[in-house]
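In what follows, a single structure is set out as structure tokens and then discussed.
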Amino acid sequence: MHLPPAPNSPSAIQILRWIFTPMSYMDECASKYGDIYTLNLNPNYPAVYINNPDALQTVLSSDTKELSSPGELNVIFTFLLGTQSVITASGKQHQRKRQLIMPALHGERMRAYADIINQVTDSVISKLPIGAYESIRNVTQTITLKIIMQAVFGLYDSPRATELERVLSDILESTSSPLSLATGIFPILGKVLGKFNPAHNFDTLRQQADKIIYEEIQERRNNQDSQTRVDILSLLMSARDEDGQAMTDVELRDELMTLLTAGHETTATALAWAVYFIYKNENVKTKLLEELNSLGKNPDSNVIFKLPYLTAVCNETLRIYPVGLLCFPRRVEKPISLCGYDLEPGTLVYGSIYNTHRRQDLYPNPDEFKPERFLERQYSAYEFLPFGGGARRCIGLAFAQFEMKLVLAKILTSYQLELLTKNKVNPKRRGLVSAPDRPIYMNRLS
Ligand code: HEM
């Protein structure tokens, strides 16, 4: 097989660069090799990375025949999400799980979340002391965690919710450094590092989280009022498969853990970047405020959701520093030609969201934050894909966009903030996703 070009450095160097400096490595590869390249990160599977929109369309829209997206390729998530999560499921079971979860994160149900989003944002921001330094990502993470707790369990600020929020934050912190990713790939490194391994107390934390989640499931099973609740846990508990079987406790736990973690870290980072860019660019802030103020007092959440400039600001934020750098891997099942290369069955193909969003032909001056791009041009689903595409496209896409817009609208119209971090902030790896490379400090003025 003739694979697309690859860096000629030894595999160990490629792995280290991929773990510690993924963005500059991907930039380097795309500028050298263009639309498609190979990285030798795993001796068992050749893996190619694509950023050509036509090739992305072929890969992401062909979910069963030439290419598949089996859950076993996402095994790196099982240490946290277990083996029964939608992320690790394949084929029919994967589709069924998506169908079960989707309704809770789409359509009319979103209206019910508007009040929660406004209420949580107010309660968190109003408690920030005036004049004190705050890292905006810590603030947005508190907001998104409380919101997802409410959507998933229908509760927050109860002692159990507060404890789970604390444990989840600690879990995600312990797995956020590049070093903990390295210990996941090379378990021997974790043993050598001992208590200096950033994830050394991970098992204890996961057991604490599991205990709380199983207690909540048990309490719902014993409690009649769960029939009338509309949160995601209640929906999943009342769902039945073709044979009339309900989900087991382990299935429920894995699904809840998936939604709780995938559902808040990502949005917290996207919101932190949005706040950074809005307050760094005075003209962007002024335009946004004009648009928001034109709606008058207490505008409808759906009207806020459809605002063109707010949408452009959110899109540009997700474009310039996408939180997910890659789509989940797809596996070639039948020989297929991509960008002039014939790929054999077994090859893994990664859609590179990061490289696509930095293509000069689509986004001139890609390092410039320019929301107007999204007003001047309509991008296809394979040119702008912060939520991936095809069979594994993000389940929380609508929820995340709704949440981003309402939180930003609330902050901008109700509070005065000031950006204290004046130097350029860059993205860095945070576990399997990306995040700001240092705290972005904000000060609340009123
Ligand atoms: C700004 C916020 C978010 C971003 C940028 C984001 C990004 C992504 C990306 C890139 C994927 C992989 C898609 C693919 O391979 O084609 C994904 C999958 C996923 N996301 Fe999100 N996500 C966000 C918010 C959320 C939220 C709020 C939830 C849940 C409440 C969520 C749950 C999931 C799940 C469960 C999957 C796996 C879907 C599957 O395997 O079928 N995400 N997300």
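What to note about this one:
- Residue that is modelled with the lowest pLDDT, among those in region 49-67 that are assigned to a helix (DSSP H, G or I) and of a type in the set (G, A, S): S61
- Options L432, L408: the member that is among the aliphatic types (A, V, I, L, M), within 13 Å of the ligand (Cβ to nearest atom), in contact (Cβ under 8 Å) with a residue 60 or more places away in the chain and touching a Cys at 6+ places or on another chain (Cβ under 9 Å): L408
- Output for region 306-319, where each listed residue is surrounded by fewer than 20 Cβ atoms within 10 Å (Cβ to Cβ) and either of a type in the set (F, W, Y) or in a helix (DSSP H, G or I) (or both): P308, Y309, T311, N315
- Any hit, region 356-364, residues being crowded, with 21+ Cβ neighbours inside 10 Å and aliphatic (A, V, I, L, M): no
- Taking region 230-251 as the range and being surrounded by 15 or more Cβ atoms within 10 Å (Cβ to Cβ) and closer than 17 Å to H94 by Cβ as the test, the residues that pass are L236, A239, M247, E251.
- Scan of region 411-427 for residues that are away from the ligand (no atom under 16 Å from the Cβ) and over 30 Å from G296 (Cβ atoms), ordered by number: L420, T421, K422, N423, K424, V425, N426
- Looking at region 331-403, the strands (runs of 3 or more DSSP E) lying wholly inside it that each contain 2 or more residues that are within 16 Å of the ligand (Cβ to nearest atom) sit at 348-351.
- Scanning region 340-374 for residues that are under 24 Å from the mean Cα position of the chain (by Cα) and among the polar types (S, T, N, Q) yields S352, N355, T356.
- Filter result (at pLDDT below 90 and either touching a Gly at 6+ places or on another chain (Cβ under 8 Å) or surrounded by fewer than 12 Cβ atoms within 10 Å (Cβ to Cβ) (or both)) within region 94-130: Q99, L105, G107, E108
- Scanning region 50-72 for residues that are over 14 Å from L385 (Cβ atoms) and surrounded by 13 or more Cβ atoms within 10 Å (Cβ to Cβ) yields S62, D63, E66, L67, S68, S69, P70, G71.
- Entry remark, region 36-51: residues being of a type outside the set (S, T, Y) and touching a helix residue (DSSP H, G or I) at 6+ places or on another chain (Cβ under 8 Å) number 7 in total.
The values are calculated or read from the model by the stated rules, or taken from the named source; none is laboratory data. Just so you know, these numbers come straight off a predicted model, no measurement behind them. Virtual Cβ from ideal backbone geometry, glycine too; neighbours counted across all protein chains shown.
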